[in-house]
Each structure stands twice: as C-alpha cells, then as structure tokens.
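Notes follow once the structure below has been shown.
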Amino acid sequence: MKVCQVMAGDGDGGLESHFVELSNGLAGAGCHLVAIGHKKYRSRFESSVRHIPLDLSGGRRNPLLLAHLAWILRQETPDIVHAQANKAVEMLAQIRAVVPGYRVGTIHNSKRSTGMFARMQTVIGVSRGVVSNLTHPDVRVVYNGMKPYSEQAVDRSAFAQTFDLNPHLPITLSVGRLVPTKAFDNLISAWQPRHGQLIIVGEGAERPTLESMIRKRGLEQCVKLAGFRPDVRAMMQVADLLVFASHREGFSYALAEALLSSLPVLSTRVPGAEEVLPPEYLVECDNVDALRDSLSWLTQNLERAKQDQATLFDWARQALTVDNMVAETFNIYQEVMGRK
C-alpha cells in the first residue's frame, strides 16, 4: 500500500510531531510511505520514509503551490493521500479532481471553518471533541500517540535551581505557544503565590504582554516564562501538576505527555481534556475565578490528584502510544482500501 502523507506547516509543535511519528510508524508497519512537507523535517524521518521537500507554508490558494503538489501526487500515484490539518486538507480538496488516491484528512483542532473536510472520503479526528460538530459519512477518532520517556531521571533540586525555584514548594507546568488561544493571560490572572510556582513553557508573540502582567502582579518570584524547551518530557518528571487554561485544543501533545508521565492535569473544558479527565479536574473556559479556586485546592491536595487520575495514567500507557496510533491508522487504511 502506497501512502502519501501531506503536511503544510513549518512549525515545531504537536502537528509536526504527529506528521513525522505517524509517517515513520506507518513505514515500519509495511506502507510504502512518502512524506510531503517542509525540508526542515528531513532529518527526523527514518530511512524507510521517502521525504519529498515541499514548502506549503505559503498561501493555501497559491496556484503554483497547488500545481506543484498536484504534479507530485500524479507522479507518485498513491493508493491513499492523507492530509494533516486544515490547510493541507483544503489544498488537497482543491486539486482532488486531478490527483489519484483515496483522500483521508485529519482534523487536529477545533476550527470554525471545516468545510474542506467534506471533500475527504474519510476524516480522522485526534479527539471526539474536534469532530463533534462535523457532518461527514465516515468519521473516525485516533488519539495522538507518544513514545515512552527513556531519558535519564531528572533531579528536582537541580531542576529548581535552573529556574531559581524552591524545590520544596509545588511546581506547576503549563505548555503551549504564547498565543491568545492558549489563554495564558487567564492563568497568570488566576495565579496566587500560595499556589507555589508556575513555569510556562513556550514562545510566541504574547510574551511581552505576559511579562508585563507578571510584573504588575508582583509574581516574578513564582511565575517563570521558560521559552521554548526541547526537554518538556524531562520537566514533567519533576513537576507536580500540569494546567491548561486554553480556549481551544485538539488533543494536546502536552496532555498526552503528562498522562504518560503520571502527572496530574487540570484543564479548561476543551476537546481531549474533557473526554478523559475526571469532571472535578475541568473548569469552564474564561472562568478565572473557577481556575483560581481549583488551583488553590489542587496545589494543597497533589497526592489526592494522583490517586484520582491513576486509572487514567494506566489507560494512557495503553492508548496514547505511537504504536497504537499507527495501528489504528493502518487499520483504517486497510478497511477503506478493502471497501474501495
């Protein structure tokens, strides 16, 4: 079975990790896998994946980009073309009449505009929430998968010293790009010194605004902006809690990482989190008071939180793996090819 995976982004987040890990896994499962995407990802592919560098990060209606993508797909003649996320799906939808292959599109986040998925023959959502409002005859759900953490254990005292923290006080992480949809402004507004210490991992255009908020509230000693870091999994080994204040998510890779690290999670009611977390660990979006109250209780009851989410950690070790993500996707391919 020949599969062309298409990804139109050029970032370094969960979407890109999904594209690479799924391509590598499917190649290992026996697919003739061609990955079409930005050249920056070449080094992350296994030798069994053939990578065709194509920068699709420009306009999704750019006729030259669309023509180039169509030419590649016509040359490759895949059995399946699998587009990752809205932009790649929309580009595939526009050229569908002139390219071969069964069309699969994965939706990674809740978006207002999802009409392009109607042109796919099968739609995969990374959570039930992201496809809940989608009208389509063939919708599946395959959760994001992660590789097991295999790095050296992290010393909490050394970690605390790196960020000028007190290792004896609770350490809470929040992870994501510094953009409005992640609502880090709400999290900083909700944070109190009695909650312990907060490290926000990520970079983005909102940094100056968030730095100003931290200064105005006098939280410099207990709220740190760590910027982008490649060692988030290691940080989760010593943290006590992960918190999301987001307005919108798909199935966050940080959520999967936390559950696989047996790290309790508090989140707003967004897709992914609201499907797996116990109700008492969910708060309404944009409700700063509720977020503050939950943080006040949780940071005083961290062992209780671990006990409450222990069954969830066990589930994650079975369901949120790369092997499971690859196997479920491969099974979908086999089914639709048999049906075809």
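The values are calculated or read from the model by the stated rules, or taken from the named source; none is laboratory data. Quick caveat: nothing in here was measured; it's all calculated off a predicted structure. Glycine gets a Cβ as well: all are built from the backbone with ideal geometry, and neighbour counts include every protein chain shown. Calculation scope for accessible area: heavy atoms of the full protein, side chains included, ligands and nucleic acids excluded. Shrake-Rupley method; radii C 1.70, N 1.55, O 1.52, S 1.80 Å.
Here are the numbers:
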read-out	value
Residue 121 being more than 19 Å from residue 19 (Cα to Cα), in contact with a strand residue (DSSP E or B) (Cβ under 6 Å, 6 or more places away or on another chain) and not hydroxyl-bearing (Ser, Thr, Tyr)	yes
Residue tally, condition free of Cβ contacts under 8 Å to residues at least 24 places away in the same chain and either assigned to a loop (DSSP other than H, G, I, E, B) or of a type in the set (Asp, Glu) (or both), over the range 56-69	3
Index of the failed condition, residue 6 passing every other in (1) modelled with pLDDT of 95 or more; (2) in a helix (DSSP H, G or I); (3) open to solvent by less than 40 Å² (accessible area, probe 1.4 Å); (4) under 23 Å from residue 94 (Cα atoms)	(2)
Those residues of the range 294-304 which are open to solvent by 100 Å² or more (accessible area, probe 1.4 Å) and not aromatic (Phe, Trp, Tyr), in sequence order	300, 303, 304
Residue match in the range 220-243 (condition: over 20 Å from residue 159 (Cβ atoms), buried (at least 18 other Cβ atoms within 10 Å of the Cβ) and either under 15 Å from the mean Cα position of the chain (by Cα) or at pLDDT 95 or above (or both))	no
Residue in the range 194-208 that is crowded, with 18+ Cβ neighbours inside 10 Å and touching a Gly at 6+ places or on another chain (Cβ under 6 Å) present	yes
Residue check, residue 218 of a type outside the set (D, E, K, R) and in contact with a Gly (Cβ under 6 Å, 6 or more places away or on another chain)	no
Tally of residues being in contact (Cβ under 8 Å) with a residue 60 or more places away in the chain, within 20 Å of residue 252 (Cβ to Cβ) and open to solvent by less than 50 Å² (accessible area, probe 1.4 Å) across the range 126-163	10
Residue 171 within 22 Å of residue 273 (Cβ to Cβ) and of a type in the set (Val, Ile, Thr)	yes
Residue within the range 263-273 that is surrounded by fewer than 20 Cβ atoms within 10 Å (Cβ to Cβ) and over 25 Å from residue 11 (Cβ atoms) present	yes
Scan of the range 34-46 for residues that are without any contact (Cβ under 8 Å) to a residue 24 or more places away in the chain and either touching a Lys or Arg at 6+ places or on another chain (Cβ under 7 Å) or closer than 12 Å to residue 23 by Cβ (or both), ordered by number	42, 46
Of the criteria (1) at pLDDT 95 or above; (2) over 16 Å from residue 187 (Cβ atoms); (3) of a type in the set (Asp, Glu), which one residue 257 fails	(1)
Condition met for residue 311 (modelled with pLDDT of 95 or more, β-branched (Val, Ile, Thr), open to solvent by less than 90 Å² (accessible area, probe 1.4 Å) and closer than 21 Å to residue 238 by Cα)	no
Matching residues, the range 164-184, being over 20 Å from residue 13 (Cβ atoms), open to solvent by 10 Å² or more (accessible area, probe 1.4 Å) and either touching a residue at least 24 places away in the same chain (Cβ under 8 Å) or out of contact with any helix residue (DSSP H, G or I) (no Cβ under 7 Å at 6 or more places or on another chain) (or both)	164, 165, 166, 168, 169, 170
Only one of 205, 118, 158, 190 that is in contact with a His (Cβ under 7 Å, 6 or more places away or on another chain) and farther than 29 Å from residue 318 by Cβ	118
Residues of the range 21-50 satisfying the condition of being in a strand (DSSP E or B) and open to solvent by 20 Å² or more (accessible area, probe 1.4 Å)	32, 50
When residues of the range 149-161 are limited to those that are of a type in the set (A, V, I, L, M) and in a loop (DSSP other than H, G, I, E, B), the one nearest to residue 197 (Cα to Cα)	154
Cβ pairs under 6 Å, 6+ apart, first in the range 1-15 and in contact (Cβ under 8 Å) with a residue 12 or more places away in the chain, second outside any helix (DSSP H, G or I) and charged (D, E, K, R)	1/79; 2/79
